[in-house]
Structures are given as C-alpha cells and as structure tokens.
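First the structure, in the form of structure tokens, and then the observations on it.
The values are calculated or read from the model by the stated rules, or taken from the named source; none is laboratory data. As the structure is a prediction and not an experimental result, all values here were calculated from the model. Cβ: placed from backbone, ideal geometry, glycine included. Neighbour counts: every protein chain shown. For the accessible areas, the whole protein counts, side chains as well, though only heavy atoms, and no ligand, DNA or RNA atoms are used. Shrake-Rupley method; radii C 1.70, N 1.55, O 1.52, S 1.80 Å.
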Amino acid sequence: MSFDQVLASFAPAVGGAPLASLQVGLSSTQSSCDGEPCSLSRSVSWRTQTQPTGKLVDPKEVFEQLVGATQSPETPEQTRQRGIHQSVLDAVGESAQTLRGRLSTYDRLRLDEFMQALRSVEERATALPSERPLCRPTSTPVFPDVGPLVPFRQNTAPYDKGLHADLMNDLIALAFQCNLTRIVSYMLEDERSEFIYDNVPRRHFTEAGSVQVDGTCGEYQSVQHGVTDDFATITWWNVGKVASLCQKLASIPEGEGRSVLDNTVVFLGSCIHGSDHRCDRLPALLIGGSGSLALDQHVDLGTRPLRDLYYTLANSVYGMNLASFGTNRMGTPHRAVTELLAG
C-alpha cells in the first residue's frame, strides 16, 4: 500500500473530509510500458500490492468528483441536468441558499467565497472539450495495453500542458480550501511518457544556476538517456508548477494565523536521480509542515532508504504510531530521520 493510502486509512489524517483521498495527474497521451504492467509507470497510488488506484486527468472529472463529494446521491433530475451540460453548482444552489440562512455572518462570507471559487474553477474546467483525447481520464484501477499512441504527443492548438497543470493546481487548492479532501496524490507525468515538451524553452544548468538557451525540450522518455539539460529543464518546469500550487495553499488561511500550507506536507519526489537513470540517489523535497518539519535546509541522507522518510512522516508528523512501513532489502531496522524534524 502506498503512503497516501496508508494516510487515507488513518481517520485523524482524513480529518472528516468527504473524500479520503484524491488521485490526479497530467497524462496527456498514452505512454509505453516497456513490457511491464502499465500501472507500474502510470500510478503512484496503490490500495494494495496489486491494486493501483488510478488517477483522473480530465479537469472536468476532478471538478465533478469534488462537487459530488459534498452532495447526496444524484437524483434523476440532477443526472439529466448534468447530461445537458448544465452547471453542477446550479443543481445544488437551492441547498446552498437554505444552508446560508442558518449560518453566522462570518460563515456566510466563507460559503459565498467557496461558491465563487467553485464557479470560477468550473467555468475554466468545463471550457476544455470532453471529447479531446488528450485529457481523457484513466481512473480505472487496471491499465490495459491500448495499442498505438494517440496522435497528439505535444502541445497543439487544442491542448496546452501549462494550462492543464494550472487547472489541476486550482482544483487541488479548491479541494483543500473547501476541506473536500486532505490527501492528494498528483502525478505530474507518467514515468514512461513520450510527451514532447516543446512548450518549454531549454535551459543550461551549472552549480551557479541556470540560463535559457536556444531551442526547446524534447520527448520526456528520450531525454532521460543522457540529454541532461533537457531532462533538467523539464524537471525545472514541473517544480515551478509545484511551487505555484504551494503558493496557492499558502494564500488560503486556515485559522490561528496559519495557512493550508502550514498544515500540509507536500512531498515531491521522483523514481530516478536524473538523466543517468540512477535510483539510489533519489531527490525528495518536503514543503510545508510548519511546526513539525525543520525548514530551509538541504540534507544528504546517504544510503538511508526512502522507507525511513515515510516512516518519519507517519509517526512524527501524523502521529500514526506505525511499527513499520515497507521493507528494506538491506535488512536494516526502521529509524526516524530526525534531521527532518523541527525542534
């Protein structure tokens, strides 16, 4: 079971939110699977050792799941309204108005703010045509081999990966702001993706920083094999989208002078070190967790297994009191990564 699903089974981490967890991603085309089960490269969230949760990649599907999490099962009339593309918010507007009449002045302002935010995101999400093959959801737990790639493998007139990422950021921020879920797995790209990042200008990286150079980035899978600046630039672009998401979370107040980001741990990671394909020096970034995590530091953990990082978050941040998490083929016992903890 992946760490997000371990958290989703722990009631204090869920916090009473209607969705125990949410899985989203930015896949825009089918990806190769190298002869292995496709779920190994297309899902980072697993309910069991053999059951991936899948992920939603269509912003409209994500939006409808978030709004649906606040409602009772659909009535036939609500189903009909959605079928003719009426707003899902229109279907619940009367209930919202009834609720508004029972709230305090402060809570009415919050409800109005939430409804306005929902409407804004819905308008942007529903602007993407549902028939577009680039944003088709892959939410089923089994990923069959679907054969040849669809023809769209890069940014085109009907598809903008940057817009796709921005919409997902808005939806995730909305989910936290409205307390619809507290646990999200967000797969920025399939590991074996063949998407061409021609929307990203190439940069040259040195220890002193990076500068933009001529040309744009190539295909994600190809640049994992020695085209160092291309792979680093794509990573730089993705990290920028994560930074934008964190800024959104930091701007949402959550009581007692704290923000959503203060009360959230964002873990950003990868299954390879870089274009050398090494997987024994994995980069990991922790953002947020104010009061629990030691911030503004870089720590070289050497040969510590990644398992210990999850073990530390589970017990020292979320208070789960797990005796163990995962396995270590070197046979070393579980040990908290105390360098990451505040105080």
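Data overview
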| read-out | value |
| --- | --- |
| Answer residue from the range 1-59, given it is of a type in the set (Gly, Ala, Ser) and not in a loop (DSSP other than H, G, I, E, B) and is farthest from the chain's Cα centre (by Cα) among those | ALA11 |
| Flag if LEU286 is part of a loop (DSSP other than H, G, I, E, B) and among the hydrophobic types (A, V, I, L, M, F, W, C) | no |
| Of all residues making up the range 291-307, the number that are within 22 Å of the chain's Cα centre (by Cα) and surrounded by 15 or more Cβ atoms within 10 Å (Cβ to Cβ) | 4 |
| Any chance SER292 is out of contact with any Pro (no Cβ under 6 Å at 6 or more places or on another chain) and under 24 Å from ARG258 (Cα atoms) | yes |
| Residues (open to solvent by 30 Å² or more (accessible area, probe 1.4 Å), polar (S, T, N, Q) and within 30 Å of SER39 (Cβ to Cβ)) located in the range 207-239 | SER222, THR228, THR235 |
| Some residue of the range 255-275 being open to solvent by 60 Å² or more (accessible area, probe 1.4 Å), closer than 30 Å to VAL227 by Cβ and in contact (Cβ under 8 Å) with a residue 24 or more places away in the chain | yes |
| Scan of the range 207-224 for residues that are aliphatic (A, V, I, L, M) and either touching a residue at least 60 places away in the same chain (Cβ under 8 Å) or part of a strand (DSSP E or B) (or both), ordered by number | VAL211, VAL213 |
| Count of residues meeting criterion [at pLDDT 90 or above and either small (Gly, Ala, Ser) or out of contact with any helix residue (DSSP H, G or I) (no Cβ under 8 Å at 6 or more places or on another chain) (or both)] in the range 188-206 | 3 |
| Qualifying residue in the range 14-23 (condition: open to solvent by 20 Å² or more (accessible area, probe 1.4 Å), polar (S, T, N, Q) and farther than 29 Å from LEU163 by Cα) | no |
| Verdict on ASP262 being over 16 Å from the mean Cα position of the chain (by Cα) and at pLDDT 95 or above | yes |
| Filter result (open to solvent by 10 Å² or more (accessible area, probe 1.4 Å) and in a loop (DSSP other than H, G, I, E, B)) within the range 184-206 | LEU188, GLU189, GLU191, ARG192, GLU194, ASP198, ASN199 |
| For GLY343: the one exception among (1) surrounded by 15 or more Cβ atoms within 10 Å (Cβ to Cβ); (2) under 30 Å from GLN177 (Cβ atoms) | (1) |
| Test: residue in the range 175-188 that is out of contact with any Lys or Arg (no Cβ under 9 Å at 6 or more places or on another chain) and over 26 Å from PRO59 (Cα atoms) | no |
| Any chance MET320 is more than 23 Å from LYS241 (Cα to Cα), among the aliphatic types (A, V, I, L, M), part of a loop (DSSP other than H, G, I, E, B) and open to solvent by 70 Å² or more (accessible area, probe 1.4 Å) | no |
| Breaking point among (1) in a helix (DSSP H, G or I); (2) open to solvent by 50 Å² or more (accessible area, probe 1.4 Å); (3) without any contact (Cβ under 8 Å) to a residue 60 or more places away in the chain, for ALA243 | (2) |
| All positions within the range 134-183 that are modelled with pLDDT of 75 or more, surrounded by fewer than 18 Cβ atoms within 10 Å (Cβ to Cβ), charged (D, E, K, R) and outside any helix (DSSP H, G or I) | ASP160 |
